[in-house]
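I have placed the structure first, in the form of structure tokens, so that the comments after it can refer back to it.
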4 protein chains.
Amino acid sequence: MLILNTGGTFNKRYNPLSGELEVPCDDAAIISVISTFSEPIKIQGILYKDSLEMTHDDRELLAATICQSDEKCIIVVHGTDTMDQSAQAVAAQCRDKTVVFTGAMVPFSIDAVEATANLAMAIGYARNASNGVHIVMQGVCGSYDRVIKNRACGKFDYVQD
Amino acid sequence: MLILNTGGTFNKRYNPLSGELEVPCDDAAIISVISTFSEPIKIQGILYKDSLEMTHDDRELLAATICQSDEKCIIVVHGTDTMDQSAQAVAAQCRDKTVVFTGAMVPFSIDAVEATANLAMAIGYARNASNGVHIVMQGVCGSYDRVIKNRACGKFDYVQD
Amino acid sequence: MLILNTGGTFNKRYNPLSGELEVPCDDAAIISVISTFSEPIKIQGILYKDSLEMTHDDRELLAATICQSDEKCIIVVHGTDTMDQSAQAVAAQCRDKTVVFTGAMVPFSIDAVEATANLAMAIGYARNASNGVHIVMQGVCGSYDRVIKNRACGKFDYVQD
Amino acid sequence: MLILNTGGTFNKRYNPLSGELEVPCDDAAIISVISTFSEPIKIQGILYKDSLEMTHDDRELLAATICQSDEKCIIVVHGTDTMDQSAQAVAAQCRDKTVVFTGAMVPFSIDAVEATANLAMAIGYARNASNGVHIVMQGVCGSYDRVIKNRACGKFDYVQD
């Protein structure tokens, strides 16, 4: 299993000099979760962006990185705003892997609980998941085209056909 | 899905008057995790004990409660010291359910990350798990007779045949 | 003693819908500190602004509120960027009170330690402080024209003549 | 100024192997507070005990350490249960120093707010305090024989003559 960190709110940290929350170019938030495990999970970082700033090329890079990885099962930590677009780009290209997207509505550095729950549930779900691209957010688990962000209330819902 | 809270370190809170960590007769720690979900998961509390104090009768009650539940999939929050004994008691009696035991080495009230990760991973794992009794702790997921607490170093390991 | 809350970084909270840190129109962060006390301290809220947005009129209102208060000793929670300007405006008008400005470089909601330390030290310092306007930030206590924010490194220093 | 760390609840940390809260032989909790300051304050550790375990000899050592220190102003971090006895022992021997006892009802590692507020308020209070032995706990500041722990409700009160 590999955790691929693309950035997003999950990772944001407060910079006291700028007064802004920034996506750092590191995996500290993910490491804080993984360090509670008996066995470490490999982490790889790419892009490190707010998902609103992700371009078509960024999604191509993400999909290519997943397709070319030696790992069969990949957890993608990603911003929530365009998680669906990236999941679709990956689904179009990588058919023989189990890919689970997750992220957070509140940075791990501000409130660890939601971010930790999302990442850990994604990992637990991935253990038995079928090939394909899935989203696990806020207790909702399913195919990437069924787990949808409700922007008005900041929640992810499972949407039936 | 049902979360059955039996107590254990996961739930312990500090009592400033006694200076001791106590297992409270409530589900506050679990609720803190579940409240980050889009949809609540039902929680039921029984026993509320440190697992070192669990008796044979307590385990019979736990197994009976699970067998008689309407839910097919049950997460059991339990102390780590005798989690294996309770899991065995449940496995001997409930064959047609998916039961996942979890807990924490550090109380949620002291450090939320490990406890949150364990519970959320147990829930994610349970979504696709087969019938039987499983343990999910510290990133390790598997049958209850394979996931073993190493008391010397305070870690759970997966033990092969 | 009165705590006068004008807003600033001390109070900021994350809004998951906007993805921004906002100055809320409440005193929740201050109340979290004060609730550890045996006796509550009275809190009054005005302005609730990021200090970069404070106008001349806002400072006049702040000074008038302090001058007209029944309390002899007033702690002002304020943003750090223009704390010096507000302190100067108050010093020009209120000569017979003990006023102590404080705030935080990191929101209480992100890391409680610095914000709590600043506010509590300000209160402890105020118990025996002389009439006049003081600043207490990051362990530095003194007259408002001696405790200066070093913007390059985000630290407050005591500056000798 | 010197911070003299004798141990007590302020410093306690959870040991996952024993399941107990322990007074560690280090100053990590105090350092977490002090690291938010522009200038570090010197810390010295002695005894590192739960205050219920402090003996007459321990109090003699504490008083001697304070009397012989080069520092004029000393903050003592101490367990709350026998803080009054140690303060009395120090008061009997050290008349020309400003000594402020503080501590916490809840370990810094469990909830940082009360412990941080107590220590920071003690430091702020000490800046202008007269010679003598004082206690600062939970917002209450005063002579050691006026600030009394109410064991029934776990609060410190200021007691008039």
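The values are calculated or read from the model by the stated rules, or taken from the named source; none is laboratory data. Source: prediction; values computed, not measured. Neighbour counts are summed over all protein chains in view; Cβ atoms, including those assigned to glycine, are modelled from backbone coordinates with ideal geometry. Note: areas computed on protein heavy atoms with side chains; ligands, DNA, RNA excluded. Shrake-Rupley method; radii C 1.70, N 1.55, O 1.52, S 1.80 Å.
About its Cα centre, what dipole magnitude does region D:101-161 give when the only charges are +1 on Lys and Arg Cβ and -1 on Asp and Glu Cβ, stated in debye to the nearest 20? Intermediate values should be presented prior to the final figure.
Details: 5 positive and 5 negative charges, 9 e Å.
Roughly 40 debye for region D:101-161.
Once fully extended, how much extra length lies between A:E71 and A:N128, figured as 0.36 nm per residue of separation less the alpha-carbon to alpha-carbon distance? All intermediate terms of the calculation are to be shown ahead of the outcome.
Values: separation 57, 0.36 × 57 = 20.52 nm, distance 1.51 nm.
In short, 19.0 nm is gained.
How big is the dipole moment of the protein assembly as shown about its Cα centre under a simple scheme where the beta carbon of each Lys and Arg is +1, that of each Asp and Glu is -1, and everything else is neutral? Debye, nearest 20, please.
Details: 52 positive and 80 negative charges, 0 e Å.
Approximately 0 debye in magnitude.
Excluding ligands, DNA and RNA, what is the solvent-accessible area per residue of chain A at a probe of 1.4 Å, expressed in Å²?
Numbers: 6250 Å² over 161 residues.
That works out to 39 Å² per residue.
Under the definition of partner shielding as Cβ atoms of other protein chains within 10 Å of a residue Cβ, what is the mean value for peptide B:104-117?
Numbers: counts 2, 5, 5, 4, 1, 3, 8, 6, 5, 11, 7, 3, 12, 14.
For peptide B:104-117, the averaged partner shielding equals 6.
Can you give the accessible area buried between chains A and C, summed over both chains, with a 1.4 Å probe, in Å² to the nearest 100? Present the calculation step by step, with values, prior to reporting the outcome.
Values: alone 7870 and 7900 Å², together 14660 Å².
Adding both sides of the contact gives about 1100 Å².
When chain A is modelled as a GNM with alpha-carbon springs shorter than 10 Å, which of A:E114, A:E39, A:E22 fluctuates the most?
A:E39
How about B:K49: which aspartates and glutamates have a C-alpha closer than 17 Å to its C-alpha, ignoring those fewer than 8 places off in the same chain?
The qualifying aspartates and glutamates are B:E20, B:E22, B:D26, B:D27, B:D57, B:D58, B:E60, B:D81, B:D84, D:E20.
If you count, for each residue, the other Cβ atoms within 10 Å and average over each peptide, how do D:100-106, D:11-17 line up from highest to lowest?
Numbers: D:100-106: 26.1, D:11-17: 19.4.
Highest to lowest by the protection proxy: D:100-106, D:11-17.
Based on Cβ point charges of +1 for Lys and Arg and -1 for Asp and Glu, what charge dipole magnitude is obtained for chain A about its Cα centre, in debye rounded to the nearest 20? Show your work: numbers first, answer last.
On the way: 13 positive and 20 negative charges, 72 e Å.
Computed about the Cα centre, the dipole is about 340 debye.
Put a label point 7 Å from Cα along the Cβ direction on C:D57, then list its distances to the equivalent points in the other copies in nm, shortest first.
Label-point separations across copies, in nm and ascending: 4.8, 7.2, 7.4.
Only bridges whose two residues both fall in chain D count here: according to DSSP, what percent of them are antiparallel, nearest 5?
On the way: 11 of 28 bridges.
Around 40 percent antiparallel, to the nearest 5.
Here are some pairs, C:K12/C:K42; C:K42/D:K155; C:K149/D:K97; which of them have Cα atoms lying more than 25 Å apart in this structure? Mind dumping the intermediate values first?
Details: C:K12/C:K42 20 Å; C:K42/D:K155 19 Å; C:K149/D:K97 32 Å.
From the list (C:K12/C:K42; C:K42/D:K155; C:K149/D:K97), the Cα-Cα distance tops 25 Å for C:K149/D:K97.
Under the rule a/c < 1.5 gives rounded, and otherwise a/b versus b/c splits prolate from oblate, where does chain A land using the Cα gyration tensor?
Numbers: a/c = 1.32, a/b = 1.24, b/c = 1.07.
Verdict is rounded for chain A.
At a 1.4 Å probe, what is the % contribution of carbon and sulfur to the accessible area of the protein assembly as shown? Could the numbers behind the result be given before it?
Details: 11700 of 25090 Å².
Carbon and sulfur atoms account for 47 percent of the accessible area of the protein assembly as shown.
Would you calculate, for chain A, the mean residue ellipticity at 222 nm contributed by helices, counting each DSSP H stretch of 4 or more residues as -39,500 (n - 2.57) and dividing by all residues, to the nearest 500? Present the calculation step by step, with values, prior to reporting the outcome.
Values: 4 runs with 46 residues, N = 161.
Calculated mean residue ellipticity at 222 nm is -9000 deg cm²/dmol.
Just want the answer: with Cβ charges of +1 for Lys and Arg and -1 for Asp and Glu, which residue in A:V140, A:I75, A:T9 is farthest toward the dipole's positive end in chain A?
Farthest towards the positive pole: A:V140.
When the accessible area of each residue in region A:26-48 is compared between its chain alone and the complete protein assembly (1.4 Å probe; ligands, DNA and RNA ignored), which residues differ by at least 50 Å², being lower in the assembly?
By number: A:T36, A:F37, A:S38.
Report, as an integer, the average count of C-beta atoms from other chains found within 10 Å of each Cβ along B:122-133. It would help to have the intermediate numbers written out before the result.
On the way: counts 3, 8, 18, 8, 4, 9, 8, 3, 1, 0, 0, 0.
Averaged over the peptide's residues, the number is 5.
Along the charge dipole of chain A, pointing to its positive end and built from +1/-1 on Cβ of Lys, Arg, Asp and Glu, which listed residue (A:P24, A:A117, A:A92) has its Cα farthest out?
The residue sitting farthest along the positive end of the dipole is A:A117.
How much net charge surrounds C:D81 when only other residues with a Cβ under 12 Å from its Cβ are counted (Lys, Arg +1; Asp, Glu -1)?
Details: positive: C:K49, C:K149, C:R151; negative: C:D50, C:E53, C:D84.
The answer is 0.
Under 1.5 on a/c is rounded, so check that first for the protein assembly as shown, then, if it is not, pick prolate when a/b is larger than b/c and oblate when it is not; a ≥ b ≥ c are the square roots of the alpha carbon gyration tensor eigenvalues. Please report the intermediate quantities before stating the final value.
On the way: a/c = 2.40, a/b = 1.46, b/c = 1.65.
Because a/c hits 1.5 or more and a/b fails to exceed b/c, the protein assembly as shown counts as oblate.
What distance in nm lies between label points placed 7 Å from Cα along the C-beta direction at B:Q85 and C:I46?
6.5 nm
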